[in-house]
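Inspection log for the structure reproduced underneath, given as structure tokens.
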Amino acid sequence: MTPVDWALLDKHTTGPLLRPGDAGFRESSAAFNERWAHRAPAAVLRAADAADVLRAVDWARDHAVPIVPRGGGHSYAGHSVNSGLVVDLRALDAITVDPVTARVTVGGGVLTGALYAALRPYGLALPLGNGTGVGIAGLALGGGSAATSRRFGLTADTLRATTLATAAGTVLTCDAEQNEDLYWACRGGGGGNFGINLDLTFQAVRAPAAATCVLLWEAAHAPGVLRTVQELMLTAPEDTSLRLGVSTAGGRTLVSAVGLHLGPAAELRELLAPAFAAGPPLRAEIADRSFWDAMDHLQHETSGGAFAVRTHFAARPLPPEALDAALAHLAAAPPGGNADGCGLALFGWGGAINRVDPRATAFAHRDARYLVSLDTSWLPGEDPAAQLDWLAGLDHLIAPHATGGAYLNFTDPDLRNWREAYYGANYPRLVATKRRHDPDGLFAFPQSIGS
């Protein structure tokens with residue numbers, strides 16, 4: 001094995017190479033999920049430009065050092081950190097908007113909050129997530145679910161081109177006419193598998209007016225509200241997206257329905273009438289907003305700490321017996337100090353998401369009507385065993401009523417059948433693409449394509 005010559009990498013790159021103990025090292029390498037706080041790379045390159053990225057790829061290949069790109073660093077499974085070299089892409093932050101074509105090109109390190117701010121003066125919208133610090137590249141490459149996805153599709157569905165630094169140290173433009181296999185794979189195949197995305201171009205749309213809702217109920221109303229709102233999510237027009245949740249934190253259980261409607265608040269209130277009839281809300285806020293004010297209102301940031309998530313896709317509402325069992329399981333959740341607590345959430349899918357053929361992009365889950373997310377959390381220093389056992393128990397109750405798929409962007413390191421669950425019938429084609437462009441597996445991590 002060639003000796004690791006970090007000084008050589010430092011000499012030939014413009015951005016700083018950080019080693020453990022250097023100022024900024026932890027900021028550029030710490031796992032977002034503190035479940036993986038013990039992970040740390042040997043070095044971080046804060047790439048100044050695309051040339052730095054290419055030099056890092058060549059150096060890592062020649063020295064047999066693991067390499068992983070990092071944008072927002074929000075991998076739930078800690079895959080934005082490895083034991084070798086982390087390439088921090090945040091300086092690749094250029095955003096170019098063409099107001100005539102509504103095409104938007106972003107650097108590989110652009111974060112959601114910055115893109116929202118750049119789109120707003122042009123009155124344009126993309127289906128983006130609800131966390132300002134999330135990297136756009138990772139969001140899009142894994143699919144990308146947003147409050148507007150029932151109308152506008154997944155983030156990946158709006159991707160029109162990407163420039164990729166490959167394991168061979170070349171730069172490839174990937175779109176519908178060039179390197180089509182990589183373009184296909186980059187729409188749902190997951191970040192870090194096929195190279196490092198230097199930039200991405202999306203097709204935006206005009207931002208419509210919107211309304212938002214936040215409804216909360218006490219636990220006593222949970223059975224009726226959960227059944228009713230699930231049905232609303234199934235029959236709602238694709239202009240309406242709801243997230244239905246039940247969670248326990250600090251000893252209190254609450255049911256919530258948080259949503260976006262691309263239309264007037266009066267329409268949203270009428271649509272939600274059955275939810276009000278199912279139980280009087282503790283809080284009910286329905287308001288007209290500009291599209292961008294609605295996006296700001298729906299922003300959510302986790303309390304931090306450590307967490308674990310299991311996901312499923314469902315084609316029909318969870319039956320009453322599954323909901324009752326889940327509520328009983330939630331009532332018996334082990335105590336924990338993390339303010340995020342634990343719970344179950346259903347995100348309304350369908351609409352534009354389902355109008356894409358499951359083979360047209362690497363994202364295969366085109367028959368889902370709900371994304372089901374199960375989660376638990378704890379603080380550093382607390383024993384996670386009880387929380388993880390509880391989560392496995394909740395998963396056991398929900399899995400029989402799901403399709404067998406799982407959402408790649410809510411990566412689950414404990415998922416055993418991840419190849420089938422994440423990718424379905426598209427996995428063999430992804431493996432073939434991986435072997436064609438990265439035959440030696442330079443870009444490798446737990447649950448990477450071909451591993």
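The values are calculated or read from the model by the stated rules, or taken from the named source; none is laboratory data. All of these numbers come straight from a predicted model, not from anything done at the bench. Reconstructed Cβ throughout: ideal geometry from the backbone, glycine too, with neighbour counts over all protein chains shown.
Data table
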read-out: Unmet criterion (only one of (1) surrounded by fewer than 23 Cβ atoms within 10 Å (Cβ to Cβ); (2) within 22 Å of the chain's Cα centre (by Cα); (3) among the basic types (Lys, Arg)) for Lys11; value: (2)
read-out: Region 374-427 - residue that is charged (D, E, K, R) and closer than 14 Å to Arg310 by Cβ and, of those, nearest to the chain's Cα centre (by Cα); value: Asp412
read-out: Test for Ala362: is it within 16 Å of Leu254 (Cα to Cα) and either surrounded by fewer than 21 Cβ atoms within 10 Å (Cβ to Cβ) or touching a residue at least 60 places away in the same chain (Cβ under 8 Å) (or both); value: no
read-out: Meets criteria (modelled with pLDDT of 95 or more and surrounded by 20 or more Cβ atoms within 10 Å (Cβ to Cβ)) for Ala219; value: no
read-out: Criterion (more than 24 Å from the chain's Cα centre (by Cα) and more than 26 Å from Asp375 (Cα to Cα)) met by exactly one of Asp324, Asp239, Asp288, Asp293; value: Asp288
read-out: Hits in region 56-77 - residues which are part of a loop (DSSP other than H, G, I, E, B) and touching a helix residue (DSSP H, G or I) at 6+ places or on another chain (Cβ under 9 Å); value: Val65, Pro66, Gly71, Gly72, Gly73, His74, Ser75, Tyr76, Ala77
read-out: Test: residue in region 285-299 that is at pLDDT 95 or above, closer than 30 Å to Tyr122 by Cα, in a strand (DSSP E or B) and aliphatic (A, V, I, L, M); value: yes
read-out: Failed item, numbered, when Ile196 is tested on (1) more than 17 Å from Gly348 (Cβ to Cβ); (2) surrounded by 16 or more Cβ atoms within 10 Å (Cβ to Cβ); (3) out of contact with any Pro (no Cβ under 7 Å at 6 or more places or on another chain); value: (3)
read-out: Identity of the residue in region 78-105, assigned to a loop (DSSP other than H, G, I, E, B) and in contact with a Pro (Cβ under 9 Å, 6 or more places away or on another chain), that ends up nearest to Pro446 (Cα to Cα); value: His79
read-out: Single match in His63, His79 (criterion: crowded, with 22+ Cβ neighbours inside 10 Å, at pLDDT 95 or above and not aliphatic (A, V, I, L, M)); value: His79
read-out: Those residues of region 376-409 which are among the hydrophobic types (A, V, I, L, M, F, W, C) and either part of a helix (DSSP H, G or I) or at positive phi (or both), in sequence order; value: Ala385, Ala386, Leu388, Trp390, Leu391, Ala392, Leu394, Leu397, Ile398, Ala399
read-out: Single residue of Ala102, Ala117 found to be aliphatic (A, V, I, L, M), touching a strand residue (DSSP E or B) at 6+ places or on another chain (Cβ under 8 Å) and not assigned by TED's automatic domain parsing to the domain that holds Ala306; value: Ala102
read-out: Residues satisfying the stated conditions in region 410-424, i.e. assigned to a loop (DSSP other than H, G, I, E, B) and surrounded by fewer than 21 Cβ atoms within 10 Å (Cβ to Cβ); value: Phe410, Pro413, Asp414, Leu415, Arg416, Asn417
read-out: Given (1) in contact (Cβ under 8 Å) with a residue 24 or more places away in the chain; (2) surrounded by 15 or more Cβ atoms within 10 Å (Cβ to Cβ); (3) outside any loop (DSSP other than H, G, I, E, B), index of the condition Tyr427 fails; value: (1)
read-out: Residues of region 127-155 satisfying the condition of being within 22 Å of Leu430 (Cα to Cα) and in a loop (DSSP other than H, G, I, E, B); value: Gly142, Gly143, Gly144, Ser145, Gly153, Leu154
read-out: Selection count where residues are under 20 Å from Gly133 (Cα atoms) and free of Cβ contacts under 8 Å to residues at least 60 places away in the same chain, scope region 48-69; value: 1
read-out: Residue identified as of a type in the set (Gly, Ala, Ser) and either free of Cβ contacts under 8 Å to residues at least 60 places away in the same chain or not assigned by TED's automatic domain parsing to the domain that holds Ala332 (or both) among Ala294, Ala306; value: Ala294
